[in-house]
Amino acid sequence: MKRLFSILVIATIMVFGAVDVNATNNVNALPATMMNFVQDDAEAVADEAEAESTSFHQELKRRFIEGGPGFMGIVLLCLILGLAIAIERIIYLNMATTNTKKLAQDVEDALNTGGIEAAKDVCRNTKGPVASIYYQGLDRADEGTEAAEKAVVAYGGVQMGLLEKNVSWVSLFIALAPMLGFMGTVIGMIEAFDRIEAAGDMQPSLVAGGIKIALLTTVFGLIVAIILQIFYNYIIAKIDRIVNDMEDASITLIDILVDYKNKRRV
């Protein structure tokens, strides 16, 4: 009886031990399984994103080639030249931006401590059109306030011309790109009707390719115009902001010179 009882106890311990071992193995295998699932899912998403990116570039390249090298190449040239001019203008305008309030304060402090020459040194060491206008006004300050004001107004027009340099070319490319696209569309439609006339029959297969190519030139022309229009509006807004700062700074300079003259008289 005791022997039978011992056999039952040993069998029970072995059964529960096997269950615990299997449970432990399953628990240990669960994180590995989840990790493999996550990795497979991430790899699938990455492969899908890469396939979409590759297909987009391939589709864009295919559409560009289908549009024809003639008009599509000219439209692409408009985009390249327009972007080059726009980027150059943006860099120039960012470099031309000046803290006008700080400059006016520095010029006023230099006038009160070191006179006209000290104020001119401040302008020489400061970049931007506002500092150049200040320098011209200070250079004529000995001739009177009216002479300084005339110098500021005249040189302000010069600086405005420098800010707007080559911007008209961007507007030209904005107008030229869709016009070239429309021209390509018209020429493509003419070729399609020539095919119909030569075949003597109205078949969709004869005109479908020509119409598709014609419309592609219009689409690319409009895309180029939209891209350049965004840059153009940013440049114009930046120029207007700098011009407003120049006008306010010019008025401030005249007031500073008037106060400086009055202090010297006293």
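On a 1.4 Å probe surface of the protein chains, which of F173, F231, F193, F182 comes out largest in accessible area, and what is the full order? Write down the numbers at each step before the final one.
Values: F173 20, F231 65, F193 125, F182 105 Å².
Descending accessible area places them as F193, F182, F231, F173.
Over the stretch 100-244, what relative contact order in percent results from Cα pairs under 8 Å that are six or more residues apart? Write down the numbers at each step before the final one.
On the way: 124 pairs, mean separation 27.3, N = 145.
Relative contact order, the stretch 100-244: 19 percent.
At a Förster distance of 41 Å, what's the computed FRET efficiency of I251 paired with I190, Cβ-Cβ distance as r, to 0.05?
Details: r = 60 Å, r/R0 = 1.46.
E(calc), rounded to 0.05, equals 0.10.
Within the accessible area of the stretch 84-126, what % is carbon and sulfur when the probe is 1.4 Å and the other protein chains stay in place? Mind dumping the intermediate values first?
Values: 1300 of 2350 Å².
Of all accessible area on the stretch 84-126, carbon and sulfur atoms account for 55 percent.
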- Item | Total formal charge among the other residues, if their Cβ is under 15 angstrom from that of V186, Lys/Arg +1 and Asp/Glu -1 | -1
- Query: Using a basic spin-label model with each label point 7 Å from the Cα along Cα→Cβ, how many nm lie between L172 and L215?
  - Reply: 3.3 nm
- Task: Take the Cβ-Cβ distance between V258 and M179 as r, set R0 to 51 Å, and report the resulting FRET efficiency rounded to the nearest 0.05.
- Result: 0.45
- Item | Label zone at R241, where the point sits 7 Å out along the Cα-to-Cβ direction: the stretch 154-168 residues whose backbone N lies under 18 Å | 160, 163-165
- Charge dipole (the stretch 92-199, unit charges on Cβ, about Cα centre) - positive-most of I133, Y155, L180: L180
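Full extension from T97 to E164: what is 0.36 nm times the residue separation minus their Cα-Cα distance, to one decimal in nm? Please list the in-between numbers first.
Working: separation 67, 0.36 × 67 = 24.12 nm, distance 1.41 nm.
Working it through step by step, the gained length comes to 22.7 nm.
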- Message: Just to be sure I understand the model, the point goes 7 Å from the Cα along the line to the Cβ. What's the resulting L222 to A147 distance in nm?
- Response: 6.1 nm
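Can you sort I74, I230, I174 by solvent-accessible area, 1.4 Å probe, largest first? If you can, show how the numbers build up before the last one.
Numbers: I74 75, I230 115, I174 20 Å².
Heavy-atom accessible area, descending, gives I230, I74, I174.
The values are calculated or read from the model by the stated rules, or taken from the named source; none is laboratory data. This is a predicted model, so every value here is computed, not measured. With ideal geometry, Cβ positions are generated from the backbone for all residues, glycine too; neighbour counts draw on all protein chains shown. Heads up: the accessible areas ignore ligands, DNA and RNA and are worked out on the full protein's heavy atoms, side chains in. Shrake-Rupley method; radii C 1.70, N 1.55, O 1.52, S 1.80 Å.
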